[in-house]
Amino acid sequence: MPLLEDLSVYEDGDVFSVYDHSYEDEDAVPDRGRPLGTIARTAGGDYVPDGVGAIFPWVQPARTLDDALAAFVG
């Protein structure tokens, strides 16, 4: 389980890609780390985490990016 400080988040419009930069494996993206998933911002302003690393409960609906990141750190 990564810690919050182990995550790197890259924004591309309404989608935020989440990486664990503390753990390098065969799936790691150079200079970013292991991809954990994405967080999409909906038209209503909610943040929705998704992906292999989004396995922990989070406040729903997530109103902030920080609330949605909880899905990746437990």
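Observations
- Scanning segment 1-21 for residues that are open to solvent by 70 Å² or more (accessible area, probe 1.4 Å), more than 12 Å from L69 (Cβ to Cβ) and not in a strand (DSSP E or B) gives M1, D14, H21.
- Filter result (crowded, with 16+ Cβ neighbours inside 10 Å and among the aliphatic types (A, V, I, L, M)) within segment 35-56: L36, I39, V48, A54
- Residue check: G37 meets all listed conditions (1) without any contact (Cβ under 8 Å) to a residue 40 or more places away in the chain; (2) outside any strand (DSSP E or B); (3) closer than 14 Å to V9 by Cβ but one, namely (2).
- Filter pass, V59 being open to solvent by 30 Å² or more (accessible area, probe 1.4 Å), touching a Phe, Trp or Tyr at 6+ places or on another chain (Cβ under 6 Å) and among the hydrophobic types (A, V, I, L, M, F, W, C): no
- Search result, residues across segment 22-34 that are open to solvent by less than 80 Å² (accessible area, probe 1.4 Å), at negative phi and either touching a residue at least 12 places away in the same chain (Cβ under 8 Å) or not in a strand (DSSP E or B) (or both): S22, D25, A28, R34
The values are calculated or read from the model by the stated rules, or taken from the named source; none is laboratory data. Nothing here was measured: the structure is a model prediction, and the numbers come from that model. Please note: Cβ atoms are built from the backbone with ideal geometry, for glycine as well, and neighbour counts cover all protein chains shown. For the accessible areas, the whole protein counts, side chains as well, though only heavy atoms, and no ligand, DNA or RNA atoms are used. Shrake-Rupley method; radii C 1.70, N 1.55, O 1.52, S 1.80 Å.
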